[in-house]
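The structure under discussion appears below in the form of structure tokens.
The values are calculated or read from the model by the stated rules, or taken from the named source; none is laboratory data. Fair warning: this is a prediction, and the values are worked out from it, not measured in the lab. Note that we place each Cβ from the backbone using ideal geometry, even for glycine, and neighbour counts take in every protein chain shown. Ligands, DNA and RNA are stripped out before the accessible areas are found, and what is left, the full protein with its side chains, is counted by its heavy atoms. Shrake-Rupley method; radii C 1.70, N 1.55, O 1.52, S 1.80 Å.
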Amino acid sequence: NVTYTGATKTEGTELAGTGLNNLTLNLTPAESLNLTASRTLDGTLTLTNGNLVIPSSARLTITSNAQIGGAPFTAIKSIVTQVDYGTGAKGFVRVTLPNSGILRTIPVGDGPNYLPVSLTPANNNNNTFDICVFNGITVNGEPNGTAFSPSQKSFVVDAVWTVNLIAGAAPSITMTTNWPETYEGAVFSTNPDARIGISHYGAAWETVTGTGSQTNNTATRTGITVFSPFGVGGINK
């Protein structure tokens, strides 16, 4: 078990190797623990105070399906998944979902803002996902892709949620995303709740489906079986 307290720290050998059970961050508010390499956590991650920063070259793998502790989460108490806008590399947190019907919130953010994603499986297949979120929606859903034009951004939320299926057969997932109001395009912000949804990127950005809440800045889509990347936009009716 490892606990970090105080100001911003860069982790060292204390997180290397295997057998790490529980990791707790109880830092001074607005401080962070910066990983330097990919790490594996066999127990529970608890964010009491401070951010856990995963660089674009690394992955934090949480092998248990325990919920991440420390809720409620915020922009200064979350998992920051950094990206490289030049190479497209992404930092990931890897999680395995609990049993059918149990929601798991992954408290990710891009550093300045909190942009969590919640996943609820419809089966007990122990699906494992790599998750990253970044600001700046692009034509192909990648950090180094062509940015949406100002006109295109007016209809969407200016962020991409990367949710890659790593293991587990035949997933069917309900996904909920959350974002800061400052990321909303001018047209998007006028949509009624019934015209807010989530789009998946395949060969292109696909039809937006689902529902949402302008009050809570959330969008939800059910029955997702194909993964990564995802964005939030308005439903055409």
Expected output for region 46-74 (first residue at pLDDT below 95, partner open to solvent by less than 20 Å² (accessible area, probe 1.4 Å) and basic (Lys, Arg), Cβ below 7 Å, 6+ apart or cross-chain) is Gln67/Arg104
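Mind checking which residues of region 133-159 are part of a loop (DSSP other than H, G, I, E, B) and either open to solvent by 40 Å² or more (accessible area, probe 1.4 Å) or among the acidic types (Asp, Glu) (or both)?
Val139, Asn140, Glu142, Asn144, Thr146, Ser149, Phe155, Asp158
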### Query
Taking the condition in contact with a Ser or Thr (Cβ under 7 Å, 6 or more places away or on another chain), open to solvent by 60 Å² or more (accessible area, probe 1.4 Å) and either of a type in the set (Lys, Arg) or over 19 Å from Trp161 (Cβ atoms) (or both), does Thr46 pass?
no
Those residues of region 75-104 which are within 14 Å of the chain's Cα centre (by Cα), farther than 14 Å from Ser118 by Cα and among the β-branched types (Val, Ile, Thr) amount to Val80, Thr81, Val83
| said: Among the residues that make up region 160-172, is at least one of them aromatic (Phe, Trp, Tyr), modelled with pLDDT of 95 or more and within 20 Å of the chain's Cα centre (by Cα)? | reply: yes
If I filter region 14-21 for residues that are closer than 29 Å to Val160 by Cβ and modelled with pLDDT under 95, do I get at least one hit?
yes
In region 53-74, anything under 17 Å from Thr40 (Cα atoms) and either among the charged types (D, E, K, R) or assigned to a strand (DSSP E or B) (or both) is listed as Val53, Ile54, Arg59, Leu60, Thr61, Ile62, Gly69
Screening Phe148, Phe134 for residues that are within 30 Å of Asn26 (Cα to Cα) and among the hydrophobic types (A, V, I, L, M, F, W, C) leaves only Phe134
Of the residues in region 1-24, those that are more than 14 Å from Ile76 (Cα to Cα), open to solvent by 40 Å² or more (accessible area, probe 1.4 Å) and touching a Ser or Thr at 6+ places or on another chain (Cβ under 7 Å) come to Thr3, Thr10, Thr18, Asn22
Of those in region 160-177 that are polar (S, T, N, Q), open to solvent by 20 Å² or more (accessible area, probe 1.4 Å) and assigned to a strand (DSSP E or B), the residue nearest to Thr128 (Cα to Cα) is Asn164
Note: among Leu27, Leu41, just one is free of Cβ contacts under 8 Å to residues at least 40 places away in the same chain, surrounded by 17 or more Cβ atoms within 10 Å (Cβ to Cβ) and either hydroxyl-bearing (Ser, Thr, Tyr) or more than 18 Å from Tyr114 (Cα to Cα) (or both), namely Leu41
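For residues that are closer than 12 Å to Asp130 by Cβ and more than 13 Å from the chain's Cα centre (by Cα), scanning just region 60-74, find the one that is surrounded by the most Cβ atoms within 10 Å (Cβ to Cβ).
This residue is Ile62.
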